[in-house]
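The values are calculated or read from the model by the stated rules, or taken from the named source; none is laboratory data. This is a predicted model, so every value here is computed, not measured. Quick reminder, even Gly has a Cβ in these numbers, built from the backbone with ideal geometry, and neighbours come from all protein chains shown. Heads up: the accessible areas ignore ligands, DNA and RNA and are worked out on the full protein's heavy atoms, side chains in. Shrake-Rupley method; radii C 1.70, N 1.55, O 1.52, S 1.80 Å.
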Amino acid sequence: PLLAVLCCFSALLLLPEVSAQAARDTMLLCAQTLIPSLFPFFVLSSLLIACGASELLSALLSPLMRPLFGLSGAGAAALALGLCGGYPVGARTAAELVENGVDGGERLLAFCNNAGPGFLLGVCGAGVFSSSRAGAALYLIHVAAALCAGLLTCRALPSAPHGTYPHKSAKAQRFSTAFPAAVQNALTGCL
């Protein structure tokens with residue numbers, strides 16, 4: 001690893017014009033494709049969490065979580081939000097579950113920390129491949145891989161115990177409070 005870092009550093013010093021052009025191209029790609037694709041999704045996913053959607057998802061998807069993954073219904077929110085909101089949302093929701101003492105919450109990271117549709121459809125599909133069909137195919141493959149990883153991982157590990165899970169649900173915030181916080185979180189995520 002040290003040799004690789006030294007080679008990259010040497011390349012920066014020996015080829016400054018190429019390095020500068022690569023940096024400009026990267027910033028342009030980020031400004032034209034990455035941020036416009038991800039920013040709205042970051043805002044919406046933060047709003048969903050702040051307005052209490054995680055409790056609704058837990059209630060709706062809990063009948064599937066125990067038989068499929070051996071986890072409580074609280075994990076359904078992390079899975080659904082991870083598939084819809086992407087990397088920061090699934091991981092953050094799983095971390096909150098672990099902090100709140102939900103059994104098996106740490107196993108959720110094996111399959112709830114996924115690329116979101118905003119990235120796969122917008123950046124990869126439209127930006128890289130210039131095809132919304134390619135982006136949709138990538139997203140469906142990604143969802144299938146996450147679910148398969150969850151099934152395999154959770155089958156290989158012992159089941160979380162049945163019973164009451166001490167998940168402390170966050171009180172849903174008002175939209176006037178949640179929206180500025182969601183925009184700030186989205187800006188932080190993009191940066």
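Take Gly105 and decide whether it is buried (at least 24 other Cβ atoms within 10 Å of the Cβ), within 15 Å of the chain's Cα centre (by Cα) and not basic (Lys, Arg). No: the conditions fail for Gly105.
This table checks each residue for (1) open to solvent by less than 10 Å² (accessible area, probe 1.4 Å); (2) assigned to a helix (DSSP H, G or I); (3) of a type outside the set (Asp, Glu).
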| position | (1), (2), (3) |
| --- | --- |
| Ile35 | no, yes, yes |
| Leu44 | no, yes, yes |
| Pro63 | no, yes, yes |
| Ala76 | yes, yes, yes |
| Glu96 | no, yes, no |
| Phe111 | yes, yes, yes |
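Please tell me if Val18 is at pLDDT 85 or above and either in contact with an Asp or Glu (Cβ under 8 Å, 6 or more places away or on another chain) or not in a loop (DSSP other than H, G, I, E, B) (or both). When the stated conditions are applied, Val18 passes them.
Filtering the range 123-133 to residues that are open to solvent by 20 Å² or more (accessible area, probe 1.4 Å), farther than 16 Å from Thr26 by Cα, among the small types (Gly, Ala, Ser) and in contact with a helix residue (DSSP H, G or I) (Cβ under 8 Å, 6 or more places away or on another chain) leaves Ala126, Ser131, Ser132.
Table: residues versus (1) in contact (Cβ under 8 Å) with a residue 24 or more places away in the chain; (2) of a type outside the set (Ser, Thr, Tyr); (3) over 19 Å from Ile49 (Cα atoms).
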residue: Val98; (1), (2), (3): no, yes, no
residue: Arg133; (1), (2), (3): no, yes, yes
residue: Val143; (1), (2), (3): yes, yes, yes
residue: Ala146; (1), (2), (3): yes, yes, yes
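Of everything listed in (1) in a helix (DSSP H, G or I); (2) open to solvent by 30 Å² or more (accessible area, probe 1.4 Å); (3) within 20 Å of Ala31 (Cα to Cα), the single unmet condition for Ala145 is (3).
Evaluate the following for Cys7: is it within 19 Å of the chain's Cα centre (by Cα), in a helix (DSSP H, G or I), surrounded by fewer than 21 Cβ atoms within 10 Å (Cβ to Cβ) and free of Cβ contacts under 8 Å to residues at least 12 places away in the same chain?
Values: within 19 Å of the chain's Cα centre (by Cα): no; in a helix (DSSP H, G or I): yes; surrounded by fewer than 21 Cβ atoms within 10 Å (Cβ to Cβ): yes; free of Cβ contacts under 8 Å to residues at least 12 places away in the same chain: yes.
Criteria not met by Cys7.
If we scan the range 91-101, do we find a residue that is in contact with a Pro (Cβ under 6 Å, 6 or more places away or on another chain) and within 20 Å of Thr33 (Cβ to Cβ)? No, the range 91-101 contains no residue that is in contact with a Pro (Cβ under 6 Å, 6 or more places away or on another chain) and within 20 Å of Thr33 (Cβ to Cβ).
Given the condition more than 30 Å from Gln184 (Cα to Cα), modelled with pLDDT of 80 or more and in contact with a helix residue (DSSP H, G or I) (Cβ under 8 Å, 6 or more places away or on another chain), answer yes or no: does some residue in the range 71-86 qualify? Scanning the range 71-86 turns up at least one residue that is more than 30 Å from Gln184 (Cα to Cα), modelled with pLDDT of 80 or more and in contact with a helix residue (DSSP H, G or I) (Cβ under 8 Å, 6 or more places away or on another chain).
Against the definition (modelled with pLDDT of 80 or more and open to solvent by less than 10 Å² (accessible area, probe 1.4 Å)), how does Ala115 come out, yes or no? Explain how you work it out, then say what you get.
Values: modelled with pLDDT of 80 or more: yes; open to solvent by less than 10 Å² (accessible area, probe 1.4 Å): yes.
So Ala115 fits the description; yes.
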